[in-house]
Each structure stands twice: as C-alpha cells, then as structure tokens.
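A quick write-up on the structure given underneath.
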Amino acid sequence: MNSFDIDGILFYKFGLRLKRDDCIAKRWTFAMRLNEIIESCNHLETFKKRCMTDDFVEVVFNNEDLSEWYRILSTHLGEPRKPKGKTPSANDLKLTSKTGGIRVDQTLFEKEFEGDTVIAKFWPWQDDQHTTLRMALLVKG
C-alpha cells in the first residue's frame, strides 16, 4: 500500500492518483464522516484497532455485535451494495480491487460523498467469532 505524508497527515493512495490540494480539502469531509460513524460505534467493544486514519479505518469486533455494526453502517451508508452470500459483480470487484477485493462471504457498503466514494466491508473471520471492518475513501483523481 503506497502512502505519502502532507503536514504530518498520512494518506494512502490505494492505486488511485491523488492530488495534494484535493487530499487536503477532501480529508476534512471524510474525517468528519468517519468520525461520525466511529462515534456511533463507541458503545460497542472492539477486539483490535488496526488502523485509524482520515481516509482508512480497520477494526476487528466480536460477532455478537455484528447486527449493531450493520445497523450503524446502514444508517450512514445505506443498505449494502453487496450483501453477504451474494456473488460479487464485476463492478463490485473493480470498486474494491485496490482495497483487497470482495468475496461472496463479505458485505460491501458504498456511498458517494461530494464526488468521491466511501466503501465499507465486513470481512468475517474463519473462527466465526470476529469480523474485520474496513472503511476507505476512494478519491477520484
């Protein structure tokens, strides 16, 4: 994963071309949305917080809270673009190609904000006890 630093802020490229001014302007919009979503989940326990930046989040939570995480993401991002159990479409695969892809057993949320796209994915673990949530801002460049 390529990254670069602007004034102490780490940005991930995800293979997309990002312009410095666009990153600075967009960072605030996404950071506000990201904070809003994360704050909505404060009452839920996380197993691990792997990454928390302005344009990428990765946390692991216990499956006993999965329905609440689902409800919160649906509130902010709408119903899933690809629910768990549905075969990903070619467009789903293209959308997620720079962030690890998407599989049948995963859930994909997507919402456009000011021309850019926020995606969120539930990645269930094989132990059936944990799920990883990945959220990313895909900036059009």
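Listing for the model above:
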quantity	calculated
Qualifying positions in region 70-109 - within 21 Å of residue 39 (Cβ to Cβ) and not β-branched (Val, Ile, Thr)	70, 71, 73, 74, 76, 77, 78, 109
Qualifying position, being modelled with pLDDT under 90 and in contact with a Gly (Cβ under 6 Å, 6 or more places away or on another chain), among 16, 34, 10	16
In region 75-110, the residues that are at pLDDT 95 or above, surrounded by fewer than 19 Cβ atoms within 10 Å (Cβ to Cβ) and of a type in the set (S, T, N, Q)	87, 89, 91
Boolean, residue 113 is closer than 27 Å to residue 140 by Cβ, modelled with pLDDT of 95 or more and surrounded by 13 or more Cβ atoms within 10 Å (Cβ to Cβ)	no
Test: residue in region 56-65 that is out of contact with any helix residue (DSSP H, G or I) (no Cβ under 7 Å at 6 or more places or on another chain), under 21 Å from residue 114 (Cα atoms) and modelled with pLDDT under 80	no
Odd one out for residue 4 among (1) at pLDDT 90 or above; (2) assigned to a strand (DSSP E or B)	(1)
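The values are calculated or read from the model by the stated rules, or taken from the named source; none is laboratory data. Keep in mind that what you see is a predicted model, and the values were worked out from it rather than measured. All Cβ positions, even for glycine, are placed from backbone atoms using ideal geometry, and neighbour counts span all protein chains on display.
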